[in-house]
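Here the structure is laid out as structure tokens; the discussion comes afterwards.
No lab work stands behind these numbers, since they all come straight from the coordinates. All values derive from a computational prediction rather than experimental measurement. Note that we place each Cβ from the backbone using ideal geometry, even for glycine, and neighbour counts take in every protein chain shown.
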Amino acid sequence: MQIVILPTAEDVAEYGTQLFIRQLTEKPQSVLGLATGSTPLALYRLLISACQQQEVSFAKAKTFNLDEYLGLSADHPQSYRYFMQQHLFDAIDILPANTAVPDGCAADPVAACQQFEQQIADAGGIDLQLLGLGRNGHIGFNEPSSGLRSRTRIKTLTPATIADNARFFAPGEYQPHLSITMGIGTILDARKVLLLATGANKAGAVKAMIEGPLTASCPASALQLHQQAVVVLDEAAAAELADIEFYRHIERENQALLKRLSGR
Ligand SMILES: N[C@@H]1[C@@H](O)[C@H](O)[C@@H](COP(=O)(O)O)O[C@@H]1O
């Protein structure tokens, strides 16, 4: 796990944006795994402006989103499909047919989960998967106790996650308690994983993910098994890490090595 600690949330978004731009420059037909929530919003804004300035193109890319609320249709303002259209897809040059978000209104949601896995496989697998982090350590909607090798399936949300996401729903509005989410195994199959976490309210989950044991109680700790996982944190999210100075030291060494290798 590469741990990058940066001063602010803006720096985190900028760092993530550069990784996406590099990925798409090296492989324009990349398969990208995308996330919702407030954390990736700044990154999406930067990608939109990079696309508008023709620094990057999504014309050949394909995307797969992590998750969707079960029972919300694509045109529901709280659905993750709606979120993605509003905050990214409608403003970049991606082909609508190349964007996949699990179908929250599928007639047969169990079959839809299997089809989603098949679609990812048919696309050649995910090259770069973006993740946020729930306060309880969830990734996608893989709540604590999720199987560490799970695949795309229906998951029940914890009361804590429902409460955290209630801010997006109007008072009294129906808020789903079920979701369709890529599994932890699906996420671990991505060739590269980029997890962003910002703000003091993520510090406990960040500590459990990086320094806690590998455990289904903290689904994000499964990233300890990944060969190319990059975790990018702002100072507030990194604040509870016991070995923070060591992680800063490794990253300085990484950067120095990269400079030497590139002959700069
Ligand atoms: N399913 C999403 C996750 O993919 C996201 O990472 C998490 C954190 O959201 P935020 O970035 O708003 O803190 O929220 C939701 O539960």
Item checked: Residue list for segment 222-235, filter: within 15 Å of the ligand (Cβ to nearest atom), part of a helix (DSSP H, G or I) and within 14 Å of ILE3 (Cα to Cα) -> LEU223
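Residues checked against (1) crowded, with 22+ Cβ neighbours inside 10 Å; (2) assigned to a loop (DSSP other than H, G, I, E, B); (3) aromatic (Phe, Trp, Tyr); (4) touching a residue at least 60 places away in the same chain (Cβ under 8 Å):
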site	(1), (2), (3), (4)
GLU14	no, no, no, no
THR17	no, no, no, no
ILE21	no, no, no, no
SER49	no, no, no, no
LYS60	no, yes, no, no
LEU72	no, yes, no, yes
GLN86	no, no, no, no
GLN114	no, no, no, no
Item checked: Tally, over segment 236-264, of residues that are at positive phi and among the hydrophobic types (A, V, I, L, M, F, W, C) -> 0
Next item on the list: Only one of these is of a type outside the set (Phe, Trp, Tyr) and in contact with a strand residue (DSSP E or B) (Cβ under 6 Å, 6 or more places away or on another chain): GLU68, GLU55, GLU26. Name it.
Entry: GLU68
Next item on the list: Please state which one of PRO96, PRO77, PRO102, PRO109 is of a type outside the set (Lys, Arg), in contact (Cβ under 8 Å) with a residue 40 or more places away in the chain and either more than 16 Å from the ligand (Cβ to nearest atom) or surrounded by fewer than 17 Cβ atoms within 10 Å (Cβ to Cβ) (or both).
Entry: PRO109
Check: Just to be sure, is ALA163 without any contact (Cβ under 8 Å) to a residue 24 or more places away in the chain, away from the ligand (no atom under 13 Å from the Cβ) and among the hydrophobic types (A, V, I, L, M, F, W, C)?
Finding: no
Next item on the list: Please work out if ALA203 is part of a helix (DSSP H, G or I) and within 12 Å of the ligand (Cβ to nearest atom).
Entry: no
